[in-house]
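The values are calculated or read from the model by the stated rules, or taken from the named source; none is laboratory data. Just so you know, these numbers come straight off a predicted model, no measurement behind them. Cβ: placed from backbone, ideal geometry, glycine included. Neighbour counts: every protein chain shown. Ligands, DNA and RNA are stripped out before the accessible areas are found, and what is left, the full protein with its side chains, is counted by its heavy atoms. Shrake-Rupley method; radii C 1.70, N 1.55, O 1.52, S 1.80 Å.
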Amino acid sequence: MTDAIKFLLDGDEVEARPGETIWQVANRRGIEIPHLCYSPAPGYRPDGNCRACMVEIEGERVLAASCIRKPSAGMKVKSSSERAKESRKLVFELLVADQPARITAHDPDSKFWNWADKIAVAESRFPRDARPAPDRSHPAMAVHLDACIQCNLCVRACREVQVNDVIGMAARGHLEKIVFDFDDPMGDSTCVACGECVQACPTGALMPASQVDAKGVYTTHRTAKSTASAPIAASAARSPTRSRTTGSSPSMAAMARRTTTGSASRAASASTMSITRTG
């Protein structure tokens, strides 16, 4: 068995278990480090693209993403140095610039807004970029990519956790965006309505349709959060024009998947599943 790795975290000697990252060690010790593109839920690999979890390592020129950086023996890590905190604050300020106003947010109590509160970022000095139009084609899930921060959690949820391979990234640079199949409306894609992407999304870009109004504004009281969500697959079943076999404009990917038994079994299991956002 590989020996534990001893290093300093905020001045205290700690031990990292084999394979653990700095973030995991800090979390195990009760030290909060912001994170958006990382989920500690089973099956989610760290990606390190949001840069919200940056920490300072003595002797290194640049800050490190703690969700993907593994410690080495003798390393000295500062999770709350002024440099690390200012870096995180700037990351959130950049992201807030493109978010819908919190008063009209799709999920004002999302993971993103909760971390923004803790970091004390409520507004941004940076200009807002043009944002995509909403997609309300799915009967059970609302897509509002104006809140998307391209953390890729929904992509990993769909491809790697549920292995449905419906969600991906398209284009490059500032034109990059989340897509379903070949950039189909979500309701016309091969989505099986499992709800994993909605659970994973940290901003409210993907929401249960029952929890937002026609303008995408959050409508469900948080006290009823545990019972508010109707079964996603049940909602999808009530709209036959959006089913996997009768979608109004199936893509090539959709037609290919319909020939597999795996898709049929996933669709059958999805009919019994429901989701509740965990914020």
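If every alpha-carbon in the stretch 102-228 counts as one equal scatterer, what log10 I(q)/I(0) does Debye give at q = 0.10, 0.11, 0.12, 0.13 1/Å? Per q value, in the given order, log10 I(q)/I(0) is -0.31, -0.38, -0.45, -0.53.
Taking every alpha-carbon pair under 8 Å whose residues sit at least 6 apart, the stretch 51-209 reaches a relative contact order of 21 percent. Computed with a 1.4 Å probe over protein heavy atoms only, the accessible area of residue 13 comes to about 130 Å². Semi-axes of the equivalent ellipsoid for the stretch 19-70, computed as √(5λ) from the eigenvalues of its C-alpha gyration tensor and ordered from largest down, come to 17, 13, 10 Å.
When the expected Rg is taken as 2.2 N^0.38 Å, what fraction or multiple of it is the alpha-carbon Rg of the stretch 95-169?
Details: Rg = 13.9 Å, N = 75, 2.2 N^0.38 = 11.3 Å.
Expressed relative to 2.2 N^0.38 Å, the Cα Rg reads 1.23.
When the P(r) is computed for the stretch 1-98, the part past 24 Å accounts for 19% of the Cα-Cα pairs. Here the stretch 1-49 is assigned +1 on the Cβ of each Lys and Arg and -1 on the Cβ of each Asp and Glu. Its dipole about the Cα centre then comes out at about 180 debye. In a fully extended conformation the segment linking residue 45 and residue 73 would gain 7.7 nm over its present Cα-Cα distance, using 0.36 nm per residue.
Before I look further, what does the stretch 1-91 give for accessible area per residue, probe 1.4 Å, in whole square angstrom? Intermediate values should be presented prior to the final figure.
Working: 4880 Å² over 91 residues.
For the stretch 1-91, the solvent-accessible area averages 54 Å² per residue.
Placing dummy labels 7 Å off each Cα toward the beta-carbon, the span from residue 94 to residue 129 is 1.0 nm. Put 191, 67 in order of accessible area, highest first, and with a 1.4 Å probe you get 191, 67. Per residue, the stretch 103-156 exposes an accessible area of 46 Å² to a 1.4 Å probe, with every protein chain left in place. Pull out a ≥ b ≥ c, the square roots of the eigenvalues of the alpha-carbon gyration tensor of the stretch 46-153, then state rounded if a/c is under 1.5, prolate if not and a/b is larger than b/c, and oblate in the remaining case. Prolate, since a/c reaches 1.5 and a/b exceeds b/c.
Take every Cα pair under 8 Å whose residues are at least 6 apart in sequence, average their separation, divide by the length of the stretch 1-110, and the relative contact order is 27 percent. Extending 7 Å from the Cα toward the beta-carbon at both residue 10 and residue 82 defines two label points whose distance is 1.9 nm. Computed in the context of the full set of protein chains, the accessible area of the stretch 81-128 at 1.4 Å probe radius has 56% of its extent on carbon or sulfur. Residues whose amide H comes within less than 5 Å of that of residue 50, counting only those at least five positions distant or on another chain, are 37 (H built at 1.01 Å from N in the peptide plane).
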